[in-house]
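The values are calculated or read from the model by the stated rules, or taken from the named source; none is laboratory data. Keep in mind the model is a prediction, meaning the values are calculated, not measured. Note that each Cβ is placed from the backbone with ideal geometry, even for glycine, and that neighbours are counted across all protein chains shown. Calculation scope for accessible area: heavy atoms of the full protein, side chains included, ligands and nucleic acids excluded. Shrake-Rupley method; radii C 1.70, N 1.55, O 1.52, S 1.80 Å.
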Amino acid sequence: VAAFPPGTQRAVLRLQAVQEEDAGQYVCEALGEAGVTFDVTVLDVGSAPHFPEPLGDVEVEVGDSVSLLCRVQGSPRPRVTWSRQDGKPVVGWHGMPGVSPCRAPGASLDDQAVYICEAKNEFGKIQAEVKLAVTGQAAPEIALASPVVRALPGQPVSLPCVILAGRPFPARRWLKDGQPVSGHYSVQADGSLHMDQVSQGDAGRYTCEVINALGSHRQDVSLVIHVPPSIELGPVLVTATEGADVTLQCNATGVPPPTVTWAKGTEPISPSPRYHLDPDGTLLIPSSSPGDAGTYFCTATNAAGFSSREVQLSISTKPRISVNGSQASEPITVLAVLGQETTLPCEVHGFPPPLVVWTQDFPVPSPPSYSVLPSGSLRLAKPQVTDTGLYTCTATNAAGNASLSYSLHVQGSCLLFKMLLLRALGLNVPPGSCTLQALAAPTSLVVDLVILENDTASLQCLASGLPAPGESVLSPSDLQLLTAWLPASLQTSPGTRGTSSSQLDQAGPSPGMGSTWRSSVPSSLMLAATAVWPPTWPVSPSSGTTCR
């Protein structure tokens, strides 16, 4: 009990070098005339927090467990808390209060920081820093692999992704065309991406990505699904006109893009002036000819297989008409014998087979005496004088047309004097009463009249032709026919000779020159008519005619 000086009203209890045993309940009593009073004070004896030993920095390797020691003393026992100097929260730490927390399952690069240990109680608080260093890190690294993997539809495929380095061990994921894979894909234990049966839809760019605290690594691999070639359907028959450029298409698809080749029949086609091959597989044949017609084969080939297509090329050729193997541009003269069958040939070449039509430059007799043979030639069974004229054979197809003309002349046993008399003497001759001779190349009829009193006038028609007029004489029937046509002033008794004014002289022709008849006419006018006729049968001298 402490004694206070008399007269004082306040007293202080001082304890020197307080010890833990000094802790307890202290009672202060005050006595006075009026009575006694007291007050109780509890003394707790303790100490502020303090670190019995300095805190040291800690260094661990990636993946190791972490222990941060923070030993602190104080009374009452201080409360210890941990924080990071960078302000990030401390998550997942465990330990005994006031001793040391630990980090499981192991340290990572994210754990590397400066940590602050704080201890406090009723008597104060203290702080200390601990630097945690995480060592042994390695950035991820992926083993090199082929950048392209090729496969056929239905085959199994594995895309490799082997991690060579990385500490901490990197996380791995697969992407297809930039998006995470899903569906029928599976990741194997070695990290490869596996597909049991690939299809064309699996083709694309795949990416293996690995990541750890030090960085990331990506590797791309392209999956190519080979597709056998396929040739687009097109015309199997191509028709072109001779001389036109021909284009044969061969649109082929496949993976990888196929190579296109051409063949005609069994012969491969190489680029040449005759054939042009475009990179897209098109075959160009400039200025096509009939020899280009045939069967062409287009073949597309790649690593997955091949495909082929057949094209039949047909070249339409303009009709060609030939005679004895050669072509003729001018009308061909044909000499026919009255009543004997005659054929006008029309040998036509062309593709497609041309249509042959015959035309005439004069009205067709009725009924027709001709027919068109399967070969295209025109057959006249019994040609008549009226069949003489120009015949034209016209051949036509899709490529064009061609024509050939024949100048047909029908000859008989009658002299050509009918024509001469019509032109020179102005006589009217009934149609059909005499057969006219047709010449291969008749010359122009030239008539010269020289009229002198008591002299001779000559009317001549010099003729040539094919065949050339030969030596012949008039038969009695020819002479009678001639006499019947002449006017009375020109007629005389048949069979007489001489140059008197009442006589008609007949003479056989000189070779190639013709025949001349002379007669006396009133006013002492003498006419001489010279004509030609086709060769006829021989006549003996006993016929009464003279051959000059």
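Out of the stretch 107-216, which chymotrypsin sites (Phe, Trp or Tyr not before Pro) are coil in DSSP terms and have no more than 16 other C-beta atoms within 10 Å? Could you put the intermediate results ahead of the total?
On the way: sites: TYR115, PHE123, TRP174, TYR185, TYR206; in loops: PHE123, TYR185.
Passing sites in the stretch 107-216 are PHE123, TYR185.
Just subtract the alpha-carbon distance of SER289 and SER199 from 0.36 nm times their residue separation and send over the number in nm, one decimal. Intermediate values should be presented prior to the final figure.
On the way: separation 90, 0.36 × 90 = 32.40 nm, distance 4.71 nm.
So the chain would gain 27.7 nm between SER289 and SER199.
Would you give the gap between the C-alpha center of the stretch 16-70 and the C-alpha center of the stretch 377-412, rounded to a whole Å?
Cα centroid of the stretch 16-70 versus Cα centroid of the stretch 377-412: 147 Å apart.
Which of the residue pairs LYS264/LYS318; LYS131/LYS176; LYS318/LYS382 have a Cα-Cα distance greater than 31 Å in the structure shown? Walk me through the numbers before you get to the answer.
Values: LYS264/LYS318 24 Å; LYS131/LYS176 43 Å; LYS318/LYS382 33 Å.
With Cα atoms farther than 31 Å apart: LYS131/LYS176; LYS318/LYS382.
Taking just the alpha carbons, could you work out the radius of gyration and Dmax for the stretch 272-324, both in angstroms?
Rg and Dmax of the stretch 272-324, Cα atoms, are 15.8, 58 Å.
Any idea what the alpha-carbon Rg over 2.2 N^0.38 Å comes to for the stretch 132-230? Please list the in-between numbers first.
Details: Rg = 15.5 Å, N = 99, 2.2 N^0.38 = 12.6 Å.
The value comes to 1.23.
How much of the accessible area of the stretch 48-189, in percent, comes from carbon and sulfur atoms when a 1.4 Å probe is used? Present the calculation step by step, with values, prior to reporting the outcome.
Details: 4340 of 8360 Å².
Looking at the stretch 48-189 in its full context, I get 52 percent from C and S.
At a Cα cut-off below 20 Å, give the aspartates and glutamates reachable from LYS88, other chains included and same-chain residues fewer than 8 away excluded.
ASP57, GLU59, ASP110, ASP111, GLU118, GLU129
Taking the Cα centre of the stretch 35-74 as origin and charging only Cβ (+1 Lys, Arg; -1 Asp, Glu), how large is the dipole, in debye to the nearest 20? Display every interim value, and only then the final one.
Numbers: 1 positive and 7 negative charges, 55 e Å.
In total the dipole reaches around 260 debye.
Against the 2.2 N^0.38 Å scaling, with N counting residues, where does the stretch 185-239 land? I'd like the Cα-based Rg ratio to two decimal places. Mind showing how you got there, number by number?
Numbers: Rg = 19.8 Å, N = 55, 2.2 N^0.38 = 10.1 Å.
Expressed relative to 2.2 N^0.38 Å, the Cα Rg reads 1.97.
Please sort by residue number the GluC sites (Glu not before Pro) in the stretch 163-268 whose DSSP state is loop and whose Cβ has at most 16 other Cβ atoms within 10 Å. Write out the running numbers ahead of the final one.
Values: sites: GLU209, GLU232, GLU242; in loops: GLU232, GLU242.
For GluC sites (Glu not before Pro) across the stretch 163-268 that sit outside H, G, I, E and B with at most 16 neighbouring Cβ atoms in 10 Å, the list reads GLU232.
Using +1 on the beta carbon of Lys and Arg, -1 on that of Asp and Glu, and nothing else charged, what's the dipole of the stretch 184-242 about the Cα centre, debye to 20? Walk me through the intermediate numbers first.
Working: 2 positive and 7 negative charges, 41 e Å.
The calculation lands at about 200 debye.
For the stretch 100-173, which GluC sites (Glu not before Pro) are in a loop by DSSP, counting at most 15 other Cβ atoms within 10 Å?
On the way: sites: GLU118, GLU122, GLU129, GLU141; in loops: GLU122.
Hits after loop and neighbour filter: GLU122.
Placing +1 at every Lys and Arg Cβ and -1 at every Asp and Glu Cβ, with all other atoms neutral, what dipole size does the stretch 213-305 have around its Cα centre, in debye to the nearest 20? Please list the in-between numbers first.
Values: 3 positive and 8 negative charges, 56 e Å.
For this selection, approximately 280 debye.
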